[in-house]
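Data first, discussion second: the structure below is written as structure tokens.
Laboratory data are not the source of any read-out in this text; all were calculated from the coordinates shown. Note that the coordinates shown come from a computational prediction; the quantities given were computed from them, not determined experimentally. We place every Cβ from the backbone using ideal geometry, glycine too, and count neighbours over all the protein chains shown.
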Amino acid sequence: MVTMTADAFDLLQRSIADQIGMPLAMIEDPLTRFLQEQLGIVVDYEGREEDEEEGSLYDRLVRAGVAYVTITYHGSGDEGWIEDVSFDPSHSGDEDLETLLNDHAYAILERRYPGWEINEGSEGTITIDVVNQSTNLHHGTIIETTEYEDVEV
């Protein structure tokens, strides 16, 4: 058995996906099962930086009186950006909190969908439920297709 930190395990999964040329999102569940069950890799999620950051992020949102946060993003042409951060109930005046949420959103995107902004890119929404301390990512990959048609002229 081999014990890996959660961040090292994520990096391993991304590397394997890159090597076989498939998006991690398509193979993540079976790959995780294979690495853990067949190769005996144990993932140590204790002390994972993102968990510590999330805890403090939830605390700041609670102190600000925010119940939900919705973050929309878009990326294409090798550029990606946060389009909007909205609070429910409405909240304003804490630029540090909005910067923290932007950084949090970029970290989620880079961890789950590295290269999310490349080529046709992607778009989506990150919803933070402060009351239940959960975060949901609704992600869409933009795929350009070409359709050919043969016609006699």
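Quick look at the numbers
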| item | result |
| --- | --- |
| Compactness of the chain as Cα Rg over 2.2 N^0.38 Å, two decimals | 1.27 |
| Rough spin-label spacing in nm, given labels placed 7 Å along Cα→Cβ, for ILE16 and ASN102 | 3.6 nm |
| Residues PHE87, PHE34 arranged by fewest to most Cβ contacts within 10 Å | PHE34, PHE87 |
| Computed E for ARG111/GLU147 - FRET, C-beta separation, R0 41 angstrom, nearest 0.05 | 0.75 |
| The chain: calculated mean residue ellipticity at 222 nm from DSSP helix runs of at least 4, using -39500 (n - 2.57) | -12500 deg cm²/dmol |
| Taking the chain and dividing mean pair separation by its residue count, relative contact order in percent (alpha carbons under 8 Å, at least six apart) | 21 percent |
| Neighbour-limited loop hits for GluC sites (Glu not before Pro), the stretch 122-153 (at most 15 other Cβ within 10 Å; DSSP other than H, G, I, E, B) | GLU144, GLU147, GLU149, GLU152 |
| Additional length obtainable on full extension of the chain from ALA6 to ARG33, 0.36 nm per residue less Cα span | 8.3 nm |
| Options GLN19, LEU35, ILE71, ranked by Cα towards positive dipole end of the chain, top entry (Cβ charges) | LEU35 |
| Where labels lie 7 Å past Cα in the beta-carbon direction, separation of THR127 and ARG60 in nm | 2.3 nm |
